[in-house]
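K.L.:
Here you go, one structure.
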Amino acid sequence: MQSQTTTAAPAPSVRGGLTAAAAICAITLLIAIFEPSMADWPSGVVEMLLLPLAALVFIGCTVWSLTQLLRVGHDGARFASPFLVCAATLALMTYAPLEDFYLQYDFHWRRTNREAIVARVERGELKPNVGNSANLIALDDAGPYVSLGNDIVVDEADEGTYVLFLTRRGPKHTFSGFLYVPSGADPTRFFEFEDRPPSRLVAYGTGWYFVAN
């Protein structure tokens, strides 16, 4: 009499889907954090394509993770893990201060190069060189990236020289950036704030402020 053996079917695995979901969510978070750095040309063009694509991929991943919840009752609670990863990512993008994370990175990563530029401005090596503007300096593109468009804004005041390194430019002359302030000076006395005080003013170190109008 021939014996018969029954081999149990392998348990369904969610490992591959979870790995893909985690990778998509990680990339989405990185794009959300570093999105401000893409505002400059040619990154701005990349941003116009990358952000919608990343959003579509993340939405698709989230929808797929919802379908995996239907398998929880039959295949186990592990099939809820892709949804939990997507939900956690969405919560971080909604509530976490991602812009503050980026600004901290930007300030500390580029501080040395910016202070070198400030020193050159104070020594008179760099002077306004854009059209008829008495405040705008276009930096050499061969140098390190320190400001949006590699342009800086200077203000020669009685108390010393203010230097603004831009992080954003918007319509109606709106801007944000890191402002170097002379020792003992008031950041609100920067000439761009003569008509209206800054809407945002955050100290980032001795003589340094993040400002927005």
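The values are calculated or read from the model by the stated rules, or taken from the named source; none is laboratory data. What you see is a predicted model; the values in this text were computed from it and never measured. With ideal geometry, Cβ positions are generated from the backbone for all residues, glycine too; neighbour counts draw on all protein chains shown.
K.L.:
Among the residues of region 163-189, count how many are within 16 Å of Ile137 (Cα to Cα) and at pLDDT 90 or above.
P.N.:
Total meeting the criteria: 8.
K.L.:
Yes or no: Tyr209 in contact with a Pro (Cβ under 7 Å, 6 or more places away or on another chain) and not in a loop (DSSP other than H, G, I, E, B)?
P.N.:
Criteria met by Tyr209.
K.L.:
Being basic (Lys, Arg) and at pLDDT 90 or above is the filter; apply it to region 67-113 and report the residue that is nearest to Pro36 (Cα to Cα).
P.N.:
Arg110
K.L.:
Would you be able to tell me the number of residues in region 174-206 that are in a loop (DSSP other than H, G, I, E, B) and not small (Gly, Ala, Ser)?
P.N.:
Summing the residues that are in a loop (DSSP other than H, G, I, E, B) and not small (Gly, Ala, Ser) in region 174-206 gives 11.
K.L.:
Given the options Val121, Val130, name the one that is aliphatic (A, V, I, L, M), in contact with a strand residue (DSSP E or B) (Cβ under 8 Å, 6 or more places away or on another chain) and not in a helix (DSSP H, G or I).
P.N.:
One residue alone meets the criteria, Val130.
K.L.:
Among Val163, Val130, Val181, Val154, which is the only one that is touching a Gly at 6+ places or on another chain (Cβ under 7 Å) and among the β-branched types (Val, Ile, Thr)?
P.N.:
Step by step, each of Val163, Val130, Val181, Val154 is checked, and only Val181 is touching a Gly at 6+ places or on another chain (Cβ under 7 Å) and among the β-branched types (Val, Ile, Thr).
K.L.:
Next question. Among Ser133, Ser81, which is the only one that is among the hydroxyl-bearing types (Ser, Thr, Tyr) and over 23 Å from Ser176 (Cα atoms)?
P.N.:
Ser81
K.L.:
A follow-up question, please. Test Asp155 against the criterion of being out of contact with any helix residue (DSSP H, G or I) (no Cβ under 9 Å at 6 or more places or on another chain), buried (at least 16 other Cβ atoms within 10 Å of the Cβ), under 18 Å from Ile137 (Cα atoms) and modelled with pLDDT of 85 or more, and give yes or no.
P.N.:
Considered against the rule, which asks whether it is out of contact with any helix residue (DSSP H, G or I) (no Cβ under 9 Å at 6 or more places or on another chain), buried (at least 16 other Cβ atoms within 10 Å of the Cβ), under 18 Å from Ile137 (Cα atoms) and modelled with pLDDT of 85 or more, Asp155 comes out as no.
K.L.:
Answer yes if at least one residue in region 74-88 is of a type in the set (Asp, Glu) and closer than 30 Å to Thr161 by Cα, and no otherwise.
P.N.:
No, because not a single residue in region 74-88 is of a type in the set (Asp, Glu) and closer than 30 Å to Thr161 by Cα.
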